[in-house]
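A quick write-up on the structure given underneath.
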Amino acid sequence: MHDQQQEQQPQQRGDQQPQPGDGDGPEIPREAAQTVRPLEGFTVGVTAARRAEELGTLLERRGAQVMHAPALRIVPLPDDTELLDATRGLIEDAPDVVVATTAIGFRGWIEAAEGWGLGEELLARLAGVELLARGPKVKGAIRAAGLTEKWSPASESMAEVLDRLLEEGVSGRRVAIQLHGELLPGFVEALRADGAEVVGVPVYRWMPPEDIAPVDRLLDAVVGRGVDAVTFTSAPAASSLLRRAEERGIQEEVLAALRQDVLSVCVGPVTALPLQAHDLPTLQPERFRLGPMVGVLCRELPGRVLSLPVAGRRIEIRGHAVVVDGELRPVPPAGMALLRALARRPGWVVARADLLRALPGAGRDEHAVETAMARLRVALGAPKLIQTVVKRGYRLSLDPHADTAKYDGV
């Protein structure tokens, strides 16, 4: 894929952690995570409808477990009377400027016009106006139609397009905008406030998915911290996910998870707007492409990993797995819950009652802790990592020369 960039292997958190004293304790292997792909052990939610498979493949190549939950579906409008009326209106009354925002939308518009027998007339009209392309993909679609754009912003940002139009002056000018699913917030209002006549060209619309179950599963996973990050490739998808959470009465729980534990990664700043409206932190790549967005995840998720020297080994606690001396060890959800509870104060004893509260749906029987702990030890492949303290509970066998104060309260 031409959007892909080569991501560098993220710096290992283990290089930043305390080491045992020289000659005073067991040597900690330094190859930890070198053979582990950057997203192994992490689960990433994908809300995209278009290019979801492409994004999922990029994530899986880097080791991620992907949870697909298309938050929207794209509905083309080749037979829509609104698009037909807008096309006829622009042919009859030429605009001064046409802004093309997406390649798929521009191609769909031309194809729809051809289906109505208006293709040649529309192309002739577009050839005589100031044609602006939001980015290189749109530019490619314009040239494929035999047209030439007058200008395209280096940033691929609609804000830069708006700045150019306002600097040129739009008072008394007719500006047509190929919409990409919804009205562009602030863009149309700014042009109209400056005296422009704005015509929308609705080539396709965003609609709720036909099957809402995957979205509900993703929301449940966000609330339960069963995903480490959620990706967004369009503002409507972000709005749709939050709207569904509100419909289910769990929006506050979803927002709390996205503020604290689950990363929100957006393909660009426009996509991030609905999330930022709820004061959610978001991450975006410098280039608004899928490859760089995956690169952000490859840097950020491993950077949040807790790395500890335990029983002569180096462990890294990831979303649904643990890296033990560079080997990825998948761990069941109950085991991960226990391990995180122990890792909050590594080296300190955690009572069975406290561990029971950490287990998902365990009830009141402390025997559930013993069962989950036995399975955790098997999953880790190194039973001595966790020490049983008779009549008290369990503790991580943190190496005695590690700086335990650094990890206290993690």
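Structure values in brief
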item: Residues being outside any strand (DSSP E or B) and in contact with a Pro (Cβ under 6 Å, 6 or more places away or on another chain) - total across the range 307-336; result: 2
item: Enumeration of residues in the range 376-386 that are touching a residue at least 24 places away in the same chain (Cβ under 8 Å), more than 32 Å from the chain's Cα centre (by Cα) and not in a loop (DSSP other than H, G, I, E, B); result: Lys384, Leu385, Ile386
item: Failed criterion for Leu342 (all others in (1) modelled with pLDDT of 90 or more; (2) within 22 Å of Leu263 (Cα to Cα) hold); result: (2)
item: Exclusive hit being out of contact with any Leu (no Cβ under 6 Å at 6 or more places or on another chain), at pLDDT 95 or above and either among the small types (Gly, Ala, Ser) or within 17 Å of Val44 (Cα to Cα) (or both), set Ala245, Ala256; result: Ala256
item: Subset of the range 234-256 (residues that are open to solvent by less than 20 Å² (accessible area, probe 1.4 Å) and either free of Cβ contacts under 8 Å to residues at least 40 places away in the same chain or in a helix (DSSP H, G or I) (or both)); result: Ala235, Pro236, Ala237, Ala238, Ser240, Leu241, Leu242, Ala245, Val254, Leu255
item: Test for Pro330: is it of a type outside the set (D, E, K, R), touching a residue at least 24 places away in the same chain (Cβ under 8 Å), loosely packed, with under 15 Cβ neighbours inside 10 Å and in contact with a strand residue (DSSP E or B) (Cβ under 8 Å, 6 or more places away or on another chain); result: yes
item: Filter pass, Ile91 being modelled with pLDDT of 95 or more and either more than 16 Å from Val198 (Cα to Cα) or out of contact with any His (no Cβ under 6 Å at 6 or more places or on another chain) (or both); result: yes
item: Of all residues making up the range 86-106, the number that are farther than 25 Å from Val170 by Cα and out of contact with any strand residue (DSSP E or B) (no Cβ under 9 Å at 6 or more places or on another chain); result: 0
item: Enumeration of residues in the range 152-178 that are acidic (Asp, Glu), closer than 29 Å to Leu290 by Cβ and either in contact with a strand residue (DSSP E or B) (Cβ under 8 Å, 6 or more places away or on another chain) or assigned to a helix (DSSP H, G or I) (or both); result: Glu160, Asp163
item: Contacts under 7 angstrom Cβ, first residue in the range 265-286 being outside any loop (DSSP other than H, G, I, E, B), partner surrounded by 16 or more Cβ atoms within 10 Å (Cβ to Cβ) and of a type in the set (Asp, Glu), 6 or more apart; result: Leu283/Glu300
item: Per-region count, the range 199-233, residues in a strand (DSSP E or B), among the aliphatic types (A, V, I, L, M) and surrounded by fewer than 21 Cβ atoms within 10 Å (Cβ to Cβ); result: 2
item: Criterion violated by Leu131 - all others in (1) within 19 Å of Val188 (Cβ to Cβ); (2) touching a residue at least 24 places away in the same chain (Cβ under 8 Å); (3) within 28 Å of the chain's Cα centre (by Cα) satisfied; result: (3)
item: Residues of the range 354-372 that turn out to be modelled with pLDDT of 90 or more and surrounded by fewer than 20 Cβ atoms within 10 Å (Cβ to Cβ), as a count; result: 4
item: Near pairs, Cβ below 8 angstrom, 6+ apart or cross-chain, from the range 85-111 (closer than 21 Å to Lys139 by Cα) to any residue that is among the aromatic types (Phe, Trp, Tyr) and open to solvent by 10 Å² or more (accessible area, probe 1.4 Å); result: Thr87/Trp116; Ile104/Tyr204; Gly105/Tyr204; Gly108/Tyr204
item: Candidate set: the range 105-151, residues that are part of a helix (DSSP H, G or I) and among the basic types (Lys, Arg); chosen: the one surrounded by the fewest Cβ atoms within 10 Å (Cβ to Cβ); result: Arg143
item: Val188, sole failed condition from (1) over 20 Å from Thr102 (Cα atoms); (2) in a helix (DSSP H, G or I); result: (1)
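The values are calculated or read from the model by the stated rules, or taken from the named source; none is laboratory data. What you are looking at is a predicted structure, and each value in this text was computed from that prediction instead of being measured. Cβ sites come from the backbone with ideal geometry, for glycine too, and all protein chains shown count toward neighbours. Side chains included, ligands, DNA and RNA excluded: accessible areas come from the protein's heavy atoms. Shrake-Rupley method; radii C 1.70, N 1.55, O 1.52, S 1.80 Å.
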